[in-house]
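Engineer: Could you have a look at this structure, given as structure tokens, before my questions?
The values are calculated or read from the model by the stated rules, or taken from the named source; none is laboratory data. Owing to the predicted nature of the structure, the values given are computational and were not obtained by experimental measurement. Every residue, glycine among them, receives a Cβ derived from its backbone with ideal geometry; neighbour counts consider all protein chains shown.
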Amino acid sequence: MKIHESAENYLETILVLKNRKGNVRSIDIANELSFSKPSISNAIKALRENGYVLVENGNITLTDAGLEIAEKIYERHLILTQFLVELGVDGDTAAADACKIEHDISAASFEKLKIHALEHHNKIIQNK
């Protein structure tokens, strides 16, 4: 099922915050994304209703379905950022551009780019 880019961003942010902080609350997401708490509350409600997150005692966790999407988007973000940096793009610009690309690139194109990036990275390591 295709979900909206904004939902993918929320799920990715929850994953990143979970890895960084352990527990994730709405205020953490609001601070990370610079959104209002009411906006976050509405988004979390929709994510919960669609089975992507659980909310217990204020803590937000990803369901298996939410985690699958978050990990896919985060992998895309990391690989696209790395690829752009290796092409000579500065880190901040690469990360911002990767954030835009990660939601729109097809699975087939991303897999080819990922294979190319990993092969290139392995060649660099072998030459060291």
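Engineer: Under 7 Å between Cβ atoms, which residue pairs at least 6 apart in sequence (or on different chains) link something in region 95-119 that is more than 11 Å from R76 (Cα to Cα) and modelled with pLDDT under 90 with a partner that is assigned to a helix (DSSP H, G or I) and of a type outside the set (D, E, K, R)?
Structural biologist: Final answer for the pair search is A117/I79; A117/Q82; A117/F83.
Engineer: What number of residues within region 10-29 satisfy the criterion of being within 17 Å of R48 (Cα to Cα), among the charged types (D, E, K, R) and in contact with an Asp or Glu (Cβ under 9 Å, 6 or more places away or on another chain)?
Structural biologist: 1
Engineer: Of F83, F35, which residue is aromatic (F, W, Y), without any contact (Cβ under 8 Å) to a residue 40 or more places away in the chain and part of a helix (DSSP H, G or I)?
Structural biologist: Answer to the check: F83.
Engineer: Is it fair to say K37 is surrounded by fewer than 20 Cβ atoms within 10 Å (Cβ to Cβ) and either modelled with pLDDT of 95 or more or over 26 Å from K100 (Cβ atoms) (or both)?
Structural biologist: no
Engineer: Since D64 meets every condition but one in (1) among the charged types (D, E, K, R); (2) within 16 Å of the chain's Cα centre (by Cα); (3) surrounded by fewer than 16 Cβ atoms within 10 Å (Cβ to Cβ); (4) over 30 Å from I115 (Cα atoms), which condition does it not meet?
Structural biologist: Unmet condition: (4).
Engineer: When you look at I3, is it among the hydrophobic types (A, V, I, L, M, F, W, C) and either without any contact (Cβ under 8 Å) to a residue 24 or more places away in the chain or outside any helix (DSSP H, G or I) (or both), yes or no?
Structural biologist: When the stated conditions are applied, I3 passes them.
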